[in-house]
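Have a look at the structure below before the remarks.
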Amino acid sequence: MNLPTFLGGVHPPEGKTLSEGKAIETLRPTSSGQMFVYPLSQHIGAPCAPVVAKGDRVLAGQKIADTEAFVSAPIYSAVSGTVKDIALKLQVAGKFEDCIIIESDGTYEKAPSLIDELGHKPQPSDYVKLIRDAGIVGLGGACFPTHVKLRPPKDKPIKWVIVNAAECEPYLTCDNRIMLEEPDALLKGLEYALAIFPEAEGVIGIENNKPEAIKTLTEHNKNPKIKIQPLTVKYPQGAEKMLIKAITGQEVPLVPALPADVGCIVLNVQTTWQIFRTIEYGEPITTRVITVTGDIVASPKNLRVPLGISVKELLDACGGFTEEPVKLLAGGPMMGLAMRSIDVPVVKGTGGLLALGKKSAYLAEESACIRCGKCVEVCPMHLEPTLLDHAVRQRDYETFEGHGGMNCIECGSCAFMCPASRHLVQSYKAGKDHVNQERRKAAAKAKEKAEAK
């Protein structure tokens, strides 16, 4: 049977057998004195500002940071305890950011729920506000505030609300475990989202290498407006534009177009699960499920952990390393970020921790491009990776931008196929950073000029 898919893509080794059979375990440290660290920016958009001060006592589920900016999302403490400091701390990406540091008292004394604050049983008209107040963002890694997605322009009617259950990134299995263990919560979360768009159809897109999840959700689904859609196993099937193409046949226009431009809203599995917890129980986002895996992790697991906990705690819960890691990634091998330290906090966007040893993390020497065209064949965005790479290395950013470099989704398909082991994704990141920096400078100059008039 030919299943829906997209043009391009690759088939990297899946690596999912290490953790796909491991049920979700809850890691909830109860010892007092443990520090939890909350960066003020855990989403795309404006960073939050603290609403607590050093010395304040906070409760589990209490808001600790927020902003009035539309594209943003508040931050909540996962623990009860005392605010010890607001200071710069190292993050997964290797940067220092302003953080709220809370010393846990180990009791998890709860703050009033969002429903208590609302004062009545939530109605569909309350859902978007609750989702915003809960701090929900895209938990697949992009961290775009969900309430913004759920408020598309009025001239863009939504026809499909799609749950991205592809989980195409190798090694990661946390979404699969949620589908297997809490299918009703996932389906109900999608129903709540559909209540915001009553004319839309719900679709859960799952790669066909997860037959048990497809079977489980199909059996539990009683809503005729929701369809469980198996998909071809191919990376990056879970990328937003690729998923929309496979499920609806619609081509999302290039940057700055969004899924709403073709009538779609796309939500991650854990985002949809969190929508259920928020509307059903008034819970803000204070935990997430993370896959901790790799060939040198003693006991790979899927863990539900409190946000703010140290990555080191997760690795310790999995028995640590069996040998010194060659590569430690936040995320999977294709799009994950290399980590320089494990003394960093888990944040909303931390979907996985991958530790690879000598056998799995072979790093080949980069050589000259041989013009084989394999990168062009597999690029899901139909770009010319070798041309973009050359432009960035020559600092020809006009050519980079003119040939669609800003549309690169950094999936790594080109680098995976490159026989010359070119550092292609690093080139595109550098090119995009430069173009964005120049755009910010131009915008600032234009603003100064306008204010001077």
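Structure notes:
- Entry for mean projected area of the Cα convex hull in nm² (calculated from the structure that is shown) out of [x] 30.3; [y] 23.4; [z] 21.8: [y]
- Across the cross-link table entries K22/K374; K22/K241; K301/K327; K327/K429; K54/K348, which are compared at the Cα atoms, the separations over 25 Å belong to K22/K374; K22/K241.
- Distance between the modelled labels on T17 and D396, one decimal in nanometres: 4.6 nm (7 Å Cα→Cβ projection).
- Using a probe of 1.4 Å, the accessible surface attributed to W160 totals some 50 Å² when neighbouring protein chains are kept in position.
- Surface accessible to a 1.4 Å probe, per residue, for the residues of the chain, Å²: 45
- Once the Cα-Cα distance is subtracted from the 0.36 nm per residue extended length, the E68 to K84 segment shows a gain of 3.3 nm.
- Cut-off 14 Å, label 7 Å out along Cα→Cβ of Q426, residues of the stretch 341-374 by amide N: 363-368
- Over 23 Å (Cα to Cα) - which of K121/K215; K149/K227; K149/K210; K210/K234 fall in this group: K121/K215; K149/K210
- Annotation: lysines with alpha-carbon distance below 18 angstrom to K110 (same-chain offsets under eight excluded): K63.
- Cβ-Cβ distance of K312 and I370, R₀ of 60 Å, FRET efficiency by 1/(1 + (r/R0)^6): the value works out to about 0.90.
- The stretch 374-448, relative contact order in percent, only Cα pairs under 8 angstrom and at least six apart counted: 32
- Fraction of accessible area attributable to carbon and sulfur, the chain (%, probe 1.4 Å): 52
- For the chain, share of DSSP beta bridges that run antiparallel, in % to the nearest 5: 60
- Residue-level accessible surface for L186, protein heavy atoms, 1.4 Å, Å²: 0
The values are calculated or read from the model by the stated rules, or taken from the named source; none is laboratory data. Just so it is clear, the model here is predicted, and its values are computed rather than measured. All Cβ positions, glycine included, derive from the backbone under ideal geometry; neighbour counts span all protein chains shown. Ligands, DNA and RNA are excluded from the accessible area calculation, which covers all protein heavy atoms including side chains. Shrake-Rupley method; radii C 1.70, N 1.55, O 1.52, S 1.80 Å.
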